[in-house]
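Encoded as structure tokens, the structure appears first; notes follow it.
The values are calculated or read from the model by the stated rules, or taken from the named source; none is laboratory data. Model, not experiment: these values are computed from the prediction. Cβ placement follows ideal geometry from the backbone for every residue including glycine, while neighbour counts extend to all protein chains displayed. Side chains are part of the model used for accessible areas, which takes the heavy atoms of the whole protein and leaves out ligands, DNA and RNA. Shrake-Rupley method; radii C 1.70, N 1.55, O 1.52, S 1.80 Å.
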Amino acid sequence: MSLLTILEYPDLRLRKRAAVVQMQEINDSLRSTLDDMLETMYAANGIGLAATQVDFHKRLLVLDVTETKDAPLVFINPEITVLDPEPMGYEEGCLSVPGFYDLVTRARRILVKALDRNGLAFEQEAEGLLAVCLQHEVDHLDGKLFVDYLSILKRQRIKHKLLKDKKQTAD
Ligand code: GNR
Ligand code: NI
């Protein structure tokens, strides 16, 4: 297993739309990428990670929203249907936007259809943090970040701070 580098906003590679994974691509090599993503997510203390964040542009995401960090979940080609559109606000963060948190409103209850690591189709209902995280991760696969839900002013401020931090670590 190996740790992958997480891209940071405003890196334009975070804006790419990930491609659907074909059945014949679900092999040991893809499973090894999924394991690397899980290892990277746990090492960064994240509760989720989308392939886009590690510059791999296929529709894959991993997550684990448990306190005990012992329930890794893998979703290939996830598709979300909203079950309860009632808005739920949650203070979101993102490993690609380190150090910034803000309130984002999303659907309260969703149904996710996806393939597991063996290519088997499954469905899962989600609410609470799991629903927030799944919507956040699928957004990544579409090139979208939580900062896109904030005001232009807030987004600009975050962008400039992250670019400034990056310059300082480069010196
Ligand atoms: O670790 C993460 N925490 C988090 C908190 C609130 C809402 C969403 C998230 S996802 C984030 C990891 C991440 O960036 N996934 O893409
Ligand atoms: Ni994120």
Here the alpha-carbon Rg of the stretch 95-151 over 2.2 N^0.38 Å rounds to 1.28
If Met41, Met23 are ordered by their accessible area, calculated over protein heavy atoms with a 1.4 Å probe, which sequence runs from highest to lowest? Met23, Met41
In 5 Å bins starting at 0, how do the alpha-carbon pair distances of the stretch 1-110 split up by percent? 2, 11, 18, 22, 23, 15, 6, 2, 0
If each of Ala19 and Asp35 carries a label point 7 Å out from its Cα toward its Cβ, how far apart are those two points in nm? 2.5
So what's the back-of-envelope 222 nm ellipticity for the chain, counting only DSSP H runs of four-plus at -39500 (n - 2.57) apiece and dividing by all residues, rounded to 500? -9500 deg cm²/dmol
Across Lys16/Lys167; Lys69/Lys159; Lys16/Lys164; Lys58/Lys161, pairs whose alpha-carbon gap is larger than 26 Å: Lys69/Lys159; Lys58/Lys161
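Counting alpha carbon pairs within less than 8 Å and at least 6 residues apart, what relative contact order, in whole percent, applies to the chain?
Relative contact order comes out at 23 percent.
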